[in-house]
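Q: My questions all concern the structure below.
The values are calculated or read from the model by the stated rules, or taken from the named source; none is laboratory data. The shown structure was predicted, so the numbers you read here are calculated from the model rather than taken from an experiment. Please note: Cβ atoms are built from the backbone with ideal geometry, for glycine as well, and neighbour counts cover all protein chains shown. Remember, those area values only see protein heavy atoms, side chains included, never the ligands or the DNA or RNA. Shrake-Rupley method; radii C 1.70, N 1.55, O 1.52, S 1.80 Å.
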Amino acid sequence: MRHFFFSLAVFTTLLISCIRNDKVTAIKDYNEFLNGNAVVAEMKKTNQEINFWQDRLNKDTGSYVNMLELARFQFILFKLTGSIGALREGDSLLKRSSAKLNDTDPEILFSLSQNSITQHQFRQAQYYNKAAVKQDGDLYTIRLLQFDTWMELGRYGDAYLSLESLEDKSAFDYLIRKAKWEDHKGNLEGAIELMEQAFEKVKDKKRSLFCWALSNLADMYGHAGRVEESYKAYLDVLQKDPSNLYCLKGIAWIAFAHDNNTAEASRILQYILSQTGIPDLKLMLAEIAEIESKQEESKQWINEFITEVTKPVYGDMYNKYLVNIWAEDKQDQHKALALAKQELSNRFTPETCDW
């Protein structure tokens, strides 16, 4: 089975570290975050907000303000639990609120663009960007979203021109996208330096920005083989936000790929799965089972993943995983090829060409 989470080069780097037996993870560092209390507390607060705004919307069904607030908390619920239903409900509410204003509000169009990217509807995101331009939306935000969308569509020259048209080259929004650009070019160390600069700008501000920037840095440190720094960054995020399941997933990967501790990696992932519905966790559990020579268990996890993500509600969100899985089975290679061609028509990028 392919390694779905890190590139083979990164995986090899981590395995070399394993051979040296320099373990990084320690149960005492993160065990307190596996009790579910923080996630339950955040879910309770979010659901209270959802109920509040839903009640207001029920009393005033035409209020686009209530729709927007309800959508916002549905997206928070999606980030917290991985609920695809929450993501789709938030998207529906955004579209309804935009329709109430005849699609003339640039801020709503910006949100629709970002949400389209989350759902891998990249051409739809481009449509909303163009609509925002027609409505004289904030040019700075339009340039940022154009960069995000064009990078996904493989229009790298346009993405670069959009990014470099921004005047403030020290702003957080510029730095994180410049980091993505440098990573795209293969300059990982340069990307890390830029992300570190971005983190410095927000580390004393909102918790959400602190956690987002540092968790991204943790990923990049891992890609660069700087595993101890990656691990520490994940822990620092968890100290700030104990409900951050994404960072627990990162620690699980380090326990598996670096420390060769499959039992502990599996324990962490099983805990995350008890709190969230993110399907790709099952692929990581399948990979662990395969390493442990539990072939039937590995197949079971893969089949559960396929059954979940091929539901229409997911759209194209997990196509890259399906292509990789189906390509390795002769009986399913025709499905892999058809899906790869579909992705190629959706976005012409080196990755889709490779598929």
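Q: Select from 74, 234, 289 the residue farthest towards the positive end of the dipole of the chain; place +1 on Cβ of Lys and Arg, -1 on Cβ of Asp and Glu, and compute about the Cα centre.
A: 74
Q: Roughly how tilted is helix 227-240, in degrees to the nearest 10 and between 0 and 90, from the longest Cα axis of the chain?
A: 50 degrees
Q: Skip the ligands, DNA and RNA, and give the accessible area per residue of the chain with a 1.4 Å probe, whole Å².
A: 49 Å²
Q: Would you calculate a helix-derived [θ] at 222 nm for the chain, using -39,500 (n - 2.57) for each DSSP H run of n ≥ 4 and dividing by the full residue count, to the nearest 500?
A: -23500 deg cm²/dmol
Q: With labels modelled as points extended 7 Å from the Cα through the Cβ direction, what inter-label distance (nm, one decimal) is found for residue 207 paired with residue 348?
A: 4.6 nm
Q: At 1.4 Å probe size, with the rest of the protein present, what percent of the exposed accessible area of the stretch 235-332 is carbon and sulfur atoms? Each step should come with its number before you reach the end.
A: Details: 1880 of 4030 Å².
Exposed carbon and sulfur together represent 47 percent of the surface.
Q: All other residues with a Cβ under 12 Å from the Cβ of residue 241 taken together, and with Lys, Arg as +1 and Asp, Glu as -1, what is their net charge?
A: Counting the neighbours of residue 241, the net charge comes to +2.
Q: Here's a follow-up. In percent, what relative contact order does the stretch 194-301 have, based on Cα pairs under 8 Å that are 6 or more apart in sequence?
A: Values: 101 pairs, mean separation 15.4, N = 108.
That works out to 14 percent.
Q: Output the relative contact order of the stretch 75-212, whole-number percent, from Cα pairs under 8 angstrom with separation of 6+ residues.
A: 12 percent
Q: Aspartates and glutamates within cross-link reach of residue 130: Cα-Cα under 15 Å, excluding same-chain residues under 8 positions apart?
A: 103, 105, 107, 138, 148, 158
Q: What is the extension gain from residue 26 to residue 40, computed as 0.36 nm multiplied by their sequence separation minus the C-alpha to C-alpha distance, in nm to one decimal?
A: Taking 0.36 nm per residue and subtracting the Cα distance, the gain is 2.6 nm.
Q: Shape verdict for the chain, please, from the Cα gyration tensor: rounded (a/c under 1.5), prolate (a/b greater than b/c) or oblate.
A: Numbers: a/c = 1.37, a/b = 1.34, b/c = 1.03.
Taking the square roots of the gyration eigenvalues as a ≥ b ≥ c, the chain is rounded.
Q: For the stretch 140-149, just list the computed ³J(HN,Hα) in residue order, Karplus coefficients 6.51, -1.76 and 1.60, θ = phi - 60°, integers in Hz, with x standing in for Gly and Pro.
A: So the J values, rounded to whole Hz, are 4, 5, 4, 5, 5, 6, 4, 4, 4, 6.
Q: For residue 330 and residue 273, what is the calculated FRET efficiency with R₀ set at 35 Å and r taken between the beta-carbons, to the nearest 0.05? Can you show the working numbers first?
A: On the way: r = 30 Å, r/R0 = 0.87.
The value I calculate is 0.70.
Q: With the cut-off at 26 Å, tell me which of the pairs 203/320; 95/134; 178/206; 28/206; 294/341; 79/201 have Cα atoms farther apart than that.
A: With Cα atoms farther than 26 Å apart: 203/320; 28/206; 294/341.
Q: Angle, helix 8-20 long axis vs. longest principal axis of the chain, Cα atoms, 0 to 90°, nearest 10?
A: Its long axis makes an angle of about 40 degrees.
Q: Which shape class applies to the stretch 123-173: rounded if a/c is under 1.5, otherwise prolate when a/b exceeds b/c and oblate if not, where a ≥ b ≥ c are the square roots of the Cα gyration tensor eigenvalues?
A: Cα axes put the stretch 123-173 in the oblate bin.
Q: In nm, give the distance between the simple-model label positions of residue 310 and residue 187, each being 7 Å from the Cα along the Cα-to-Cβ direction.
A: In this crude label model, residue 310 to residue 187 measures out at 4.3 nm.
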